[in-house]
Amino acid sequence: MCGIVGYVGSRNVTNVLVQGLKCLEYRGYDSAGLAIRNNKELKIIKSVGKIKNLEEKVKGIDGDYNSGIGHTRWATHGEVNELNCHPHSNTNVTLVHNGIIENFRELRKELELIGYSFKTDTDSEIIAALIDSYKGSKYDALIYAQIKLKGSYALAIMFEDEKDVLYAMRKDSPLIVGIGNNENFLASDISVILPYTKKYIDIEEGEVVKVTKDNVIVYNETGKVIKDVRVANWTVEDAQKNGYEHFMLKEMNEQIDLCTKLYNKFIENDNYSKDIPDISQYDKIDIVACGSAYYAGCVGKYLIEKYVCDGSMQVNVEVASEYRYKHHFYTSSSLLIVISQSGETADTLACLRMANKLNVDTLAIVNIPSSSIAKEAKMVMPMLAGPEIAVATTKGYFTQVLELSLIIQKLCYIKGIIDESSKNNLISEFFSLKDKITSLYDLDYSIVANKVYDKEHIYFIGRCMDYVLGMEASLKLKEISYIHSDIYPAGELKHGPIALIENETPVFCILTEKEIFDKSLSNAIEAKSRGATLYLITTDEFEFDQDYFEYVITLPKVNDFYQAVVNIIPFQFIAYETAKKKGCDIDKPKNLAKSVTVE
Ligand code: F6R
């Protein structure tokens, strides 16, 4: 929910911190601040609003600072103002925090009783006092804090009495150490360090890291820990806009090459590779995720139910924040699939941990390799989507759906539901998917955007796959254009929602499935007869009376296993163009953050 950066070395510290915070702005953009240290002082600068406000404020600070920490905030405790903005200091300790401390009120009372006072409403200021209150070595003080703190945290810490040394630790919130040449970094994600180094180490729960410019020492309760240095396979360009007006637009365009990347990774000698997990030994599958990742899971459930219809597999899909509070009756052949771009979504992680604890097999479809979900799942299918910076996911959802499709194709092949020749056709269709979707990038979606951008409500209707796909389409539109939108199963419209249709209410009709085209078309016409303006998204295999529709987008017909990834592209563009027309902040919609590490 917040972004952290730290630096020790001889570059201009303020610049490194501000540039790092810009990379992390997707994680929170209420306010930002930094603490920098030279031989004389530890200086704290804070600013409300976007990072560019902080950048203005720190202009002209010269380069004699050798270390510092920075933070971009997405408020959870305390309103958005400079006081609550990080870094927070108490006595000898200055720190930045990402996460939520659940027992901060009790800790605050305990600390007040021994003489500490507090200036802010945040849970984070308590941590600084807690660390300061321990009378012993810095290492022991940090371990003491780990024992006392309940909740989640990634912390970058500076002590007033020790210059050019940063400390770090984490629990359920991401933090890595970037390893440079005579300089080292702390960061919430890899994109921050890419301009300087590709080498990094992961920090595990229970570890305390001491970072100087030429050394990184990691301890845990057993003593010094030898860590593996990992090498990021992302480039600086992956994490930059590269000439695109918005990250969202860049990421939608990257979907074309992702088809090839995923094909090369998951197809080997014209067959499904071993990197596609084999789930054929399970008979009960639970798919759990949040937001768009949950909607991807809904496509997965739909495909399993459509193809594995011999009763050998039961599939359930649920949002993680609900799933974790319910009873589950696992068997030895249950599998929990979690889906997460960030790999840090708190509720999804909690479900994974719950299943791991019960010894249920777990599979994660996850993008960030250093994330908690990637590290804790028993099996992992990496998404290979590269950094997704725009808060609203596009290539993340696209990859999740495509990978689920591959898992289910392989499952059907192993179970004999798909024969050799169908498998070969599916694989060759996967090879040409890139060309199929490329044609969609040339359409002018601003025509639709211009017609709907000033509407208050927009509805989507569809059946079966079209319905589950429409959930993501509707979310994409509402989260970046702030137009209220909802999706209904086409057949449900007349059971209530049709009361919402007024003159010229836009209704997007998603009609790409042959068996139900006519039925859904009738539902669309019912809406039109109540005044709706209809927009049709369909495939090139149907004939119908165009006059019913204000605008028609025709998609290439592909195998059902790929139709969802084709169908979502126009909706991503319609949401993008509509938000652009309205002048919305496309990459950073209001009230949202990319990585939801709170429950
Ligand atoms: C919507 C969106 C969110 C995420 C959700 C899960 O555009 O991005 O709904 O899909 O917060 O995030 P991850 O995939 O990181 O677990």
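The values are calculated or read from the model by the stated rules, or taken from the named source; none is laboratory data. If you're wondering where the values come from, they're calculated on a predicted model, not measured in any experiment. Please note: Cβ atoms are built from the backbone with ideal geometry, for glycine as well, and neighbour counts cover all protein chains shown. We work out accessible area using only protein heavy atoms, side chains counted, and drop any ligands, DNA or RNA first. Shrake-Rupley method; radii C 1.70, N 1.55, O 1.52, S 1.80 Å.
Here is how the numbers come out for the structure above:
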{"item": "Residue list for the range 431-462, restricted to those being in contact (Cβ under 8 Å) with a residue 24 or more places away in the chain, under 18 Å from T539 (Cα atoms) and assigned to a helix (DSSP H, G or I)", "result": "L433, K434, K436, I437, T438, S439, L440, Y441, V448"}
{"item": "Meets criteria (of a type in the set (A, V, I, L, M), open to solvent by 70 Å² or more (accessible area, probe 1.4 Å) and farther than 23 Å from Q255 by Cα) for A499", "result": "yes"}
{"item": "Members of the range 26-47 that are assigned to a strand (DSSP E or B) and open to solvent by less than 60 Å² (accessible area, probe 1.4 Å)", "result": "S31, A32, G33, L34, A35, I36, R37, L42, I45, K46, S47"}
{"item": "Contacts under 9 angstrom Cβ, first residue in the range 233-249 being more than 23 Å from K476 (Cα to Cα), partner surrounded by fewer than 15 Cβ atoms within 10 Å (Cβ to Cβ) and not β-branched (V, I, T), 6 or more apart", "result": "V236/P195"}
{"item": "Residue pairs meeting the criteria (Cβ under 6 Å; at least 6 apart or on separate chains; first within 19 Å of V18 (Cβ to Cβ), in the range 73-84; second among the polar types (S, T, N, Q))", "result": "R73/S31"}
{"item": "Any hit, the range 406-424, residues being basic (K, R), touching a strand residue (DSSP E or B) at 6+ places or on another chain (Cβ under 6 Å) and more than 23 Å from N271 (Cα to Cα)", "result": "no"}
{"item": "Strands (runs of 3 or more DSSP E) wholly inside the range 68-173 containing at least 3 residues that are over 27 Å from S595 (Cβ atoms)", "result": "162-171"}
{"item": "Residue match in the range 366-377 (condition: closer than 20 Å to Y26 by Cβ, open to solvent by 40 Å² or more (accessible area, probe 1.4 Å) and either outside any helix (DSSP H, G or I) or not assigned by TED's automatic domain parsing to the domain that holds T394 (or both))", "result": "yes"}
{"item": "Filter result for the condition that a residue is open to solvent by 50 Å² or more (accessible area, probe 1.4 Å), without any contact (Cβ under 8 Å) to a residue 24 or more places away in the chain and away from the ligand (no atom under 16 Å from the Cβ), over N264, N316", "result": "N264"}
{"item": "Test for I61: is it hydrophobic (A, V, I, L, M, F, W, C) and either part of a strand (DSSP E or B) or assigned by TED's automatic domain parsing to the domain that holds A392 (or both)", "result": "no"}
{"item": "Whichever residue in the range 279-292 is of a type outside the set (S, T, Y) and open to solvent by 10 Å² or more (accessible area, probe 1.4 Å) and, among such residues, is nearest to the ligand (Cβ to nearest atom)", "result": "G291"}
{"item": "Whichever residue in the range 168-198 is modelled with pLDDT under 95 and among the acidic types (D, E) and, among such residues, is farthest from K22 (Cα to Cα)", "result": "D172"}
{"item": "Strands (runs of 3 or more DSSP E) wholly inside the range 182-260 that include at least 3 residues being surrounded by 15 or more Cβ atoms within 10 Å (Cβ to Cβ)", "result": "184-187, 199-202, 208-212, 215-220"}
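Matching residues to (1) more than 11 Å from the ligand (Cβ to nearest atom); (2) open to solvent by 10 Å² or more (accessible area, probe 1.4 Å); (3) at pLDDT below 95:
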| position | (1), (2), (3) |
| --- | --- |
| E322 | yes, yes, no |
| M383 | no, no, no |
| P387 | yes, no, yes |
| Q409 | yes, no, no |
| I414 | yes, yes, no |
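Yes/no per residue for (1) in contact with an Asp or Glu (Cβ under 7 Å, 6 or more places away or on another chain); (2) charged (D, E, K, R); (3) open to solvent by 40 Å² or more (accessible area, probe 1.4 Å):
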| position | (1), (2), (3) |
| --- | --- |
| F431 | no, no, yes |
| D435 | no, yes, yes |
| K451 | yes, yes, yes |
| D454 | no, yes, yes |
| M465 | yes, no, no |
| L469 | no, no, no |
| A473 | no, no, no |
| K494 | yes, yes, yes |
